[in-house]
Amino acid sequence: MILLVTSLLLSFTSLWLGLPLLTCVTSHAAPLSQRLTGSRPNIVLIMADDMGWGDLGANWPNTRDTPFLDYLASISIRLPDYHSGASVCSVSRAALLTGRLTPRTGVWANFASTALGGLPVNETIISECLKSVGYATAIHGKWHLGYTPPFHPSYRGFDEYIGVPYSIDMGCTDNPGANYPPVNVCPKDPSLYFEQKHEHPDDLRKVIEADLTVGIPLYQCLTPRCLNDNCNKEIIEQPVNLSTLTQSYIDNDRRFIQRSVESKQPFFLYLPLSHMHVPHDYARQFKDTSVLPSVYGDTLRELDYHVNQTYQLLKDLGILNQTLLIFTSDNGPWSSKCDLAGNQGPFTGVWQASPLPFGGGGGGTAKFTTWEAGHRVPFIAHWPNMIKPNTVSNVIGSHLDIMPTIANLANFTLPSNRSFDGIDLSAVLFDGSDQGHEYLFHPDMLGILSAVRYNQYKAYYVTYPAIDGACGGKEGLIIPHKPPLIFDLSRDLAESTPIEVSQSVHDAIDQALQAKLKDIALTPRTKVDYRIGGLDARACCDAGHIVCRCID
């Protein structure tokens, strides 16, 4: 019976792949990754915001505020050498959802809170592909890829969207939490209305002031697309209450998953959370719960709790064995936030922090940079009976790989009219393969591929610090390097001492970079509209109110 079922499955797979049918096979003939092709598991993709590689205790033993995530790592596979697609919010999210690098998508910087554009609509993203093959799809969390039609999540393959459209420091709240400098408390004076609704002043200063004082909105769009193309009608809370936001997501996670299970429909739940981005706020139950009590540690505890609740729900519903659960972060910690920033672990960027002429002259070496702490992020993947527990793989992985990996599992074909930069990680996750990226390319703050990873080597054609410096202020210079500055990460995770390498290593890196740039130049790319609008371009539930207040 087993042989018969296996033969039928192989026959279907062979027809779909257009490959000749192999006869005389047993159930163990093919690697597990191949047998899982087209298996259509549920997919839960959790992405923290600005979480440091060292914030995960499984990565960095000095951290003890992620007890559940550490347990999850012990029953899952963990990739310590896994990287975001970029070291800043919008850019990283575009890379994850498309599987394409910045020069292809055109997304090289964050979208403003009055952005007129977003991730170009001719970029195909994971949710659109999964919806096309029958998945229920939802996003609960931070989007940051445009919020007006047609860039709003409800137009990008998601059946429902519950969350904030951009970072939670891009406006005001009534409970602003902890940040440096502090976030403004939203005015509550009911007389603070503009004389004309949808005012669009030409004075850029007024636009910027409105940008900084508008309340952070919380959308709840429970159907694809927005009524009459007005997504602002589906703002349910403005300004959002940051202390109740996590529980709101948890409640909606439960509702969406239960409904999908009842309808016997595979689902994709994308959870791009606002933790650990500043400002930090959380439910009272997490106050002083961190091992060494701190605002950051308590916030990390609430993040850990959210992941735990998601896992327990999948377990209680009996669908863990049918679900691929992934946890990662969009980029590294925001080092200028001092004690409100995450842990860089060993990736301290010593060369950049060193004084001239021996180093880069100082500055932050995490978020906003191509130094390791900027884009090396936690990664855990869990699927009982499919992923071997307590596995650590040292392959080089990337957000770019999520799209092709899910394509293999969910049985959809990537668009053939464009190039992708990720690889299918199925063999790594399910078979123990050691074949990750040989080369990985990191875009800088201008969207240029100025840093290249080649096996254990990291080459910098340009070095620079974070745009807002390190804790304490701005320092450091933008320094071009020809030949590139090279570090050996197998011996120097802190990137402290550049090394001399053979000409063959230099040639390999240069040739790989030139080949990538040539491919980018010769294949379809998209262009992004980064214009900002006036007061009428705000995500706003009450366009006449300066705060856009829709609650008392």
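Worth pointing out:
- One residue stands out among those in the stretch 141-187 that are among the aliphatic types (A, V, I, L, M) and touching a residue at least 40 places away in the same chain (Cβ under 8 Å): the one that is farthest from Asp251 (Cα to Cα), which is Val183.
Condition check ((1) farther than 19 Å from Val88 by Cα; (2) surrounded by 13 or more Cβ atoms within 10 Å (Cβ to Cβ); (3) not basic (Lys, Arg)) across all residues:
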residue	(1), (2), (3)
Lys474	no, yes, no
Lys482	yes, no, no
Ser490	yes, no, yes
Ser502	yes, no, yes
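For every residue, the table says whether it meets (1) crowded, with 24+ Cβ neighbours inside 10 Å; (2) closer than 29 Å to Gly177 by Cβ; (3) at pLDDT below 95.
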residue	(1), (2), (3)
Trp351	no, no, no
Thr365	yes, yes, no
Pro378	yes, yes, no
Ile406	yes, no, no
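- Close contacts from the stretch 37-49, counting a first residue that is buried (at least 20 other Cβ atoms within 10 Å of the Cβ) and a second that is part of a strand (DSSP E or B) and small (Gly, Ala, Ser), with Cβ to Cβ under 6 Å and a gap of 6+ residues or different chains, come to Ala48/Ser329.
- Meets criteria (of a type in the set (A, V, I, L, M) and either under 28 Å from the mean Cα position of the chain (by Cα) or closer than 27 Å to Gly146 by Cα (or both)) for Ala508: no
Listed here are the residues, each with its yes/no results for (1) modelled with pLDDT of 95 or more; (2) more than 30 Å from Lys233 (Cα to Cα); (3) of a type in the set (D, E, K, R).
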site	(1), (2), (3)
Ile486	yes, yes, no
Leu489	yes, yes, no
His506	yes, yes, no
Gln511	yes, yes, no
Lys516	yes, yes, yes
Ala521	yes, yes, no
Gly534	no, no, no
Cys550	no, no, no
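- With respect to the stated conditions, Phe347 fails to be modelled with pLDDT of 95 or more and closer than 19 Å to Thr246 by Cβ.
- Qualifying residue in the stretch 205-220 (condition: in the same structural domain as His144 (by TED's automatic domain parsing), surrounded by fewer than 20 Cβ atoms within 10 Å (Cβ to Cβ) and at pLDDT 90 or above): yes
- Residues (in contact with a helix residue (DSSP H, G or I) (Cβ under 8 Å, 6 or more places away or on another chain) and assigned to a helix (DSSP H, G or I)) located in the stretch 377-414: His399, Leu400, Ile402, Met403, Thr405, Ile406, Ala407, Asn408, Leu409, Ala410
- Residue list for the stretch 290-316, filter: free of Cβ contacts under 8 Å to residues at least 24 places away in the same chain and either over 29 Å from Trp383 (Cα atoms) or among the aliphatic types (A, V, I, L, M) (or both): Leu292, Pro293
- Residues in the stretch 168-185 that are assigned to a loop (DSSP other than H, G, I, E, B) and among the polar types (S, T, N, Q) were compared, and the one that is modelled with the lowest pLDDT is Asn184.
- Total residues in the stretch 296-322, condition part of a helix (DSSP H, G or I), closer than 20 Å to Met386 by Cβ and of a type in the set (A, V, I, L, M, F, W, C): 4
- Qualifying residue in the stretch 331-342 (condition: surrounded by fewer than 21 Cβ atoms within 10 Å (Cβ to Cβ) and either assigned to a loop (DSSP other than H, G, I, E, B) or in contact with a helix residue (DSSP H, G or I) (Cβ under 6 Å, 6 or more places away or on another chain) (or both)): no
- Checking each residue of the stretch 108-117 against the condition of being under 18 Å from Tyr270 (Cβ atoms) and buried (at least 24 other Cβ atoms within 10 Å of the Cβ) gives at least one match.
- Single residue of the stretch 487-505 satisfying the filter (hydrophobic (A, V, I, L, M, F, W, C) and in a loop (DSSP other than H, G, I, E, B)) that is farthest from the chain's Cα centre (by Cα): Val501
- The number of residues in the stretch 50-62 being modelled with pLDDT of 95 or more, assigned to a loop (DSSP other than H, G, I, E, B) and surrounded by fewer than 24 Cβ atoms within 10 Å (Cβ to Cβ) comes to 3.
- Meets criteria (in contact with a Leu (Cβ under 6 Å, 6 or more places away or on another chain) and outside any loop (DSSP other than H, G, I, E, B)) for Phe441: yes
- Test result for Phe430, of a type in the set (Phe, Trp, Tyr), assigned to a helix (DSSP H, G or I) and either touching a Gly at 6+ places or on another chain (Cβ under 7 Å) or crowded, with 19+ Cβ neighbours inside 10 Å (or both): yes
The values are calculated or read from the model by the stated rules, or taken from the named source; none is laboratory data. Predicted, not measured: the structure shown is a model, and the values here were computed from it. Neighbour counts run over all protein chains shown; Cβ positions are idealised from the backbone, glycine included.
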